[in-house]
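**Q** My questions will all concern the structure given below.
The values are calculated or read from the model by the stated rules, or taken from the named source; none is laboratory data. Every value quoted in this text rests on a predicted model; they were computed, and no experiment measured them. Virtual Cβ from ideal backbone geometry, glycine too; neighbours counted across all protein chains shown. With ligands, DNA and RNA removed, areas are computed over all heavy atoms of the protein, side chains included. Shrake-Rupley method; radii C 1.70, N 1.55, O 1.52, S 1.80 Å.
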Amino acid sequence: MSESVSAPPRRRHFLEVRKPVSKRQAVLSAIAIWVVFFGIWAAASASGMVNELLVPAPQKVLFTIYDLFAERAFAADVLISIMRVLIAFLLASIVAIPLGVMMGSFPAVEGIVNPFVSAWRYLPAPSFIPILLMWFGTGETPKLALLFIGVVFLLITLVMDHTKNVRHELVETALTLGANRYVTVRSVILPAVLPEIVIAMRQMLAVTWTYLVIAEIVASTTGIGAMMMRARRFLHTDEIMAGIIVIGALGLIFDLLFVRLHRQLFPYIQEKRR
Amino acid sequence: MSPAKEAAAEQAPILTLDGISKSFDLGKGKTLEAITGVSFGVSRNEICVILGPSGCGKSTVLRMMAGLETPTSGDLMLEGRHIDGPGRDRGMVFQAYTSFDWMSVRRNVEFGMKINGVPASERRDRADHYIRLVGLTKFADAYPTQLSGGMRQRVAIARTLANGPELLLMDEPFGALDAETRWHMQELLVEIAESTRTTIVMVTHDIEEAIFLADKIVFMSRHPGRVKCEIVPEFKNGKRITEKEKVIDLDGYSEIERQIMRLMREEGAKD
């Protein structure tokens with residue numbers, strides 16, 4: 001077929017249905033939305049339209065973040081928050097992943113555990129705070145327990161559902177190759193579902209951060225949430241906003257780490273989109 | 001057919017199905033008879049094709065041979081042993097892709113041998129052999145997700161054969177492939193059957209495929225599923241021909257194709 005010379009190049013609209021945009025446009029768009037956000041914020045502060053006490057200027061918040069880390073040992077609070085998230089999340093994963101894979105592989109196990117788990121899943125974790133405080137006092141235990149309760153039941157359910165979605169032909173292939181039940185679960189079902197498990201962990205880590213802030217606001221003297229509650233008492237809105245931004249940045253960093261981990265662990269999935 | 005081969009074919013079959021039935025309980029005392037009284041045998045080194053319209057239960061019969069389903073009544077025997085559950089002596093290739101995506105092609109092919117305790121060096125040699133047999137040597141270290149559909153089915157065939165089954169079961173293995181890839185795969189299968197002397201039972205609804213591949217066609221009818229007749233494509237003179245157009249050129253090809261099409265049409269009229 002000869003190339004047409006008369007046809008004019010089709011005009012590319014800004015809005016094209018499901019046409020991917022260039023890398024350059026993607027980066028520019030991402031920067032632009034944040035420039036607009038901080039621009040409106042800075043303009044509102046500078047014009048005096050908003051109460052300086054309630055909405056400090058963005059540059060003041062950024063300086064406060066620096067000041068908190070440099071002068072007021074905020075790093076210790078951040079570190080303890082990260083430790084709480086990681087320890088609780090690790091414990092929840094250690095319980096939820098083996099259990100979820102077992103439930104997704106063996107309907108008999110699902111039959112026992114699921115009626116229990118699905119009831120707990122619908123209970124809002126914060127409703128346990130009063131009883132957790134009574135049981136465990138004010139140490140680290142009630143915070144870790146809240147995070148654990150908030151995440152473990154959802155994670156079990158997600159892992160179970162993903163395990164059930166492993167295609168049955170893979171299981172039958174293993175069986176006709178001579179695999180016993182143990183080999184089928186360990187060598188076929190588990191590696192087949194692992195990429196989905198890592199994605200589920202990524203989603204649940206975000207939920208863990210949510211419960212962390214609740215735990216630290218309600219019942220803690222340490223951590224990012226506690227710092228924000230202290231700041232409220234002294235009307236230090238810049239510190240509250242600094243806390244919010246730090247939590248957001250940490251969430252983003254952990255999310256990116258999980259994306260990296262996924263790419264490292266499962267190179268064959270990347271190959272699919274050449 | 002050479003006299004020796006003829007004699008072998010007339011030996012007692014290695015796989016026998018004896019009065020296989022499968023019915024489903026619909027409740028209220030009603031049952032649905034899906035398959036009834038299916039009996040036939042498969043001889044050593046034979047390519048037996050089970051052909052029939054959709055809904056005749058041909059896949060169910062194959063799955064029973066694999067031990068993935070159990071008959072309500074009747075008996076399946078492989079070399080004098082009752083078939084009771086899946087086992088490595090009956091390898092299965094499915095229509096859907098079953099490659100283990102997290103393993104390279106080589107590790108896929110080694111998988112069956114590994115779980116059955118074949119030593120590493122022997123495993124590697126046999127994997128290399130079967131990867132070469134299906135023409136994937138260049139792709140031995142690739143992941144299955146990098147391969148085309150036809151290549152992934154070749155991985156599945158190599159993986160099954162490398163495990164040394166007595167019976168290779170194939171459930172519409174080329175059904176998901178495009179027409180050109182399909183006949184390449186059919187010709188490859190004839191070559192593999194010739195060089196490995198593997199006994200093959202294959203399910204298909206593709207008449208051309210059945211005539212080209214089969215030493216014996218078992219035609220099943222539906223409502224309920226049962227064996228309507230066994231057809232031996234005598235026109236091939238017991239030879240395995242690896243080029244499809246040569247088979248189509250043979251006298252007697254179109255006659256047997258017509259015969260099977262009529263059978264199919266009769267079954268279609270049952271709706």
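**Q** Could you figure out which of (1) over 26 Å from B:Ile231 (Cα atoms); (2) assigned to a loop (DSSP other than H, G, I, E, B) isn't true of B:Asp25?
**A** The failed condition is (2).
**Q** Scan the stretch A:194-213 and give yes if some residue there is within 12 Å of chain B (Cβ to nearest Cβ), of a type in the set (A, V, I, L, M) and either open to solvent by 40 Å² or more (accessible area, probe 1.4 Å) or part of a helix (DSSP H, G or I) (or both), otherwise no.
**A** yes
**Q** Name the residues in the stretch B:55-65 that are closer than 24 Å to B:Gly149 by Cα and more than 14 Å from chain A (Cβ to nearest Cβ), would you?
**A** B:Lys58
**Q** Also, I was wondering about something else. What pairs can you find where one residue is in the stretch A:251-268 and within 14 Å of chain B (Cβ to nearest Cβ), the other is open to solvent by 50 Å² or more (accessible area, probe 1.4 Å) and not in a helix (DSSP H, G or I), and their Cβ atoms are less than 6 Å apart, with a gap of 6+ or different chains?
**A** As it stands, the answer is A:Tyr268/B:Tyr143, since those pairs meet every condition given.
**Q** Within the group B:Val38, B:Val42, which residue is within 22 Å of B:Thr198 (Cα to Cα) and open to solvent by less than 30 Å² (accessible area, probe 1.4 Å)? Explain how you work it out, then say what you get.
**A** Numbers: B:Val38 fails: within 22 Å of B:Thr198 (Cα to Cα).
Result of the check over B:Val38, B:Val42: B:Val42.
**Q** For residues that are open to solvent by 20 Å² or more (accessible area, probe 1.4 Å), outside any loop (DSSP other than H, G, I, E, B) and either acidic (Asp, Glu) or touching a Leu at 6+ places or on another chain (Cβ under 9 Å) (or both), tally how many sit in the stretch B:163-180.
**A** Residues flagged as open to solvent by 20 Å² or more (accessible area, probe 1.4 Å), outside any loop (DSSP other than H, G, I, E, B) and either acidic (Asp, Glu) or touching a Leu at 6+ places or on another chain (Cβ under 9 Å) (or both) within the stretch B:163-180 amount to 2.
**Q** Does B:Phe111 satisfy being within 17 Å of A:Gly178 (Cβ to Cβ) and not in a helix (DSSP H, G or I)?
**A** Numbers: within 17 Å of A:Gly178 (Cβ to Cβ): yes; not in a helix (DSSP H, G or I): no.
No; evaluated as a whole, the condition is false for this residue.
**Q** Taking the options A:Ile97, A:Ile131, name whichever one is β-branched (Val, Ile, Thr) and either over 24 Å from the mean Cα position of the chain (by Cα) or open to solvent by 50 Å² or more (accessible area, probe 1.4 Å) (or both).
**A** Values: A:Ile97 fails: either over 24 Å from the mean Cα position of the chain (by Cα) or open to solvent by 50 Å² or more (accessible area, probe 1.4 Å) (or both).
The conditions single out A:Ile131.
**Q** How many residues are in a loop (DSSP other than H, G, I, E, B), more than 8 Å from chain A (Cβ to nearest Cβ) and not charged (D, E, K, R) when one looks only at the stretch B:66-84? Before you say what the answer is, go through the steps one by one.
**A** Filtering the stretch B:66-84 for residues in a loop (DSSP other than H, G, I, E, B) gives B:67-72, B:79-80, B:83-84.
Narrowing further to those that are more than 8 Å from chain A (Cβ to nearest Cβ): B:69-72, B:79-80, B:83-84.
Pick out the ones that are also not charged (D, E, K, R) and you get B:70-72, B:80, B:83.
The number of residues fulfilling the criteria is 5.
**Q** A further question on this structure: Exactly one condition in (1) surrounded by 19 or more Cβ atoms within 10 Å (Cβ to Cβ); (2) at the interface with another protein chain (Cβ under 8 Å from one of its Cβ atoms) is not met by B:Asn116; state its number.
**A** B:Asn116 satisfies every listed condition except (1).
**Q** What helices (runs of 4 or more DSSP H), lying completely within the stretch B:181-271, carry at least 2 residues that are closer than 26 Å to B:Gly91 by Cβ and open to solvent by less than 10 Å² (accessible area, probe 1.4 Å)? Write out each step before concluding.
**A** On the way: elements: B:207-213, B:244-249, B:253-268.
Answer list for the stretch B:181-271: B:207-213.
**Q** How many of the residues making up the stretch B:142-175 are small (Gly, Ala, Ser), under 21 Å from B:Ser54 (Cβ atoms) and within 12 Å of chain A (Cβ to nearest Cβ)? Walk me through it before giving the result.
**A** Of the residues in the stretch B:142-175, the ones small (Gly, Ala, Ser) are B:142, B:148-150, B:156, B:158, B:162, B:164, B:175.
In the following step, the residues that additionally are under 21 Å from B:Ser54 (Cβ atoms) were identified as B:175.
Filter again for within 12 Å of chain A (Cβ to nearest Cβ), leaving none.
Residues meeting the conditions: 0.
**Q** Scan the stretch A:188-220 residue by residue and report those that are among the hydrophobic types (A, V, I, L, M, F, W, C), out of contact with any Pro (no Cβ under 8 Å at 6 or more places or on another chain), more than 30 Å from A:Glu172 (Cβ to Cβ) and touching a residue at least 24 places away in the same chain (Cβ under 8 Å).
**A** Looking only at the stretch A:188-220, we keep the residues that are among the hydrophobic types (A, V, I, L, M, F, W, C), and these are A:188-190, A:192-194, A:197-201, A:204-207, A:209, A:212-215, A:217-219.
Those still in the list that are out of contact with any Pro (no Cβ under 8 Å at 6 or more places or on another chain) too: A:188-190, A:192-194, A:197-201, A:204-207, A:209, A:212-213, A:217.
Next cut, more than 30 Å from A:Glu172 (Cβ to Cβ) only: A:204-207, A:209, A:212-213, A:217.
Those that are among the hydrophobic types (A, V, I, L, M, F, W, C), out of contact with any Pro (no Cβ under 8 Å at 6 or more places or on another chain), more than 30 Å from A:Glu172 (Cβ to Cβ) and touching a residue at least 24 places away in the same chain (Cβ under 8 Å): A:Met204, A:Leu205, A:Ala206, A:Val207, A:Trp209, A:Leu212, A:Val213.
**Q** Can you find a residue that is in a helix (DSSP H, G or I), free of Cβ contacts under 8 Å to residues at least 12 places away in the same chain and within 14 Å of chain B (Cβ to nearest Cβ) anywhere in the stretch A:221-237?
**A** So the first thing to find is which residues in the stretch A:221-237 are in a helix (DSSP H, G or I), and the list is A:224-233, A:237.
Narrowing further to those that are free of Cβ contacts under 8 Å to residues at least 12 places away in the same chain: A:230, A:232-233.
This time we only want the ones that are within 14 Å of chain B (Cβ to nearest Cβ), so: none.
Within the stretch A:221-237, not a single residue is in a helix (DSSP H, G or I), free of Cβ contacts under 8 Å to residues at least 12 places away in the same chain and within 14 Å of chain B (Cβ to nearest Cβ).
**Q** Then there's this: In this structure, is B:Asp128 part of a loop (DSSP other than H, G, I, E, B) and more than 9 Å from chain A (Cβ to nearest Cβ)? It would help to see each step written out before you state the result.
**A** Working: part of a loop (DSSP other than H, G, I, E, B): no; more than 9 Å from chain A (Cβ to nearest Cβ): yes.
Criteria not met by B:Asp128.
**Q** Could you go through the stretch A:236-257 and let me know if any residue there is of a type in the set (S, T, N, Q) and either within 21 Å of A:Ala145 (Cα to Cα) or open to solvent by less than 50 Å² (accessible area, probe 1.4 Å) (or both).
**A** Of the stretch A:236-257, the ones of a type in the set (S, T, N, Q) are A:237.
Then keep just the ones that are either within 21 Å of A:Ala145 (Cα to Cα) or open to solvent by less than 50 Å² (accessible area, probe 1.4 Å) (or both); that gives A:237.
Yes, the stretch A:236-257 contains a residue that is of a type in the set (S, T, N, Q) and either within 21 Å of A:Ala145 (Cα to Cα) or open to solvent by less than 50 Å² (accessible area, probe 1.4 Å) (or both).
**Q** Continuing with the same structure: Would you be able to say whether some residue in the stretch A:168-189 is open to solvent by less than 30 Å² (accessible area, probe 1.4 Å) and more than 14 Å from chain B (Cβ to nearest Cβ)?
**A** The answer is no, given that none of the residues of the stretch A:168-189 is open to solvent by less than 30 Å² (accessible area, probe 1.4 Å) and more than 14 Å from chain B (Cβ to nearest Cβ).
**Q** Just the residues that are of a type outside the set (Val, Ile, Thr) and open to solvent by 20 Å² or more (accessible area, probe 1.4 Å), please, taken from the stretch A:146-158. Spell out how you get there, then give the answer.
**A** Our first condition is that a residue be of a type outside the set (Val, Ile, Thr); within the stretch A:146-158, this holds for A:146-148, A:150, A:153-155, A:158.
Result: A:Phe148, A:Phe153, A:Leu154, A:Leu158.
**Q** Exactly one condition in (1) within 14 Å of another protein chain (Cβ to nearest Cβ); (2) open to solvent by 10 Å² or more (accessible area, probe 1.4 Å) is not met by B:Val93; state its number.
**A** Failing condition for B:Val93: (2).
**Q** Please state which of the following conditions B:Glu110 fails to meet, knowing it meets all the rest: (1) within 12 Å of chain A (Cβ to nearest Cβ); (2) modelled with pLDDT under 95.
**A** (2)
**Q** Right, another one. Among the residues that make up the stretch B:68-81, is at least one of them of a type in the set (Asp, Glu) and under 19 Å from A:His168 (Cβ atoms)? Let's see the steps before the verdict.
**A** So in the stretch B:68-81, the residues of a type in the set (Asp, Glu) come out as B:69, B:75, B:79.
Still in the list and also under 19 Å from A:His168 (Cβ atoms): B:69.
So far as the stretch B:68-81 goes, yes, one or more of its residues are of a type in the set (Asp, Glu) and under 19 Å from A:His168 (Cβ atoms).
**Q** Same structure, new question: Out of B:Gly87, B:Gly19, I need the residue that is surrounded by 15 or more Cβ atoms within 10 Å (Cβ to Cβ), modelled with pLDDT under 95 and of a type outside the set (D, E, K, R). Which one? Can you show your working first?
**A** Values: B:Gly19 fails: surrounded by 15 or more Cβ atoms within 10 Å (Cβ to Cβ).
It is B:Gly87.
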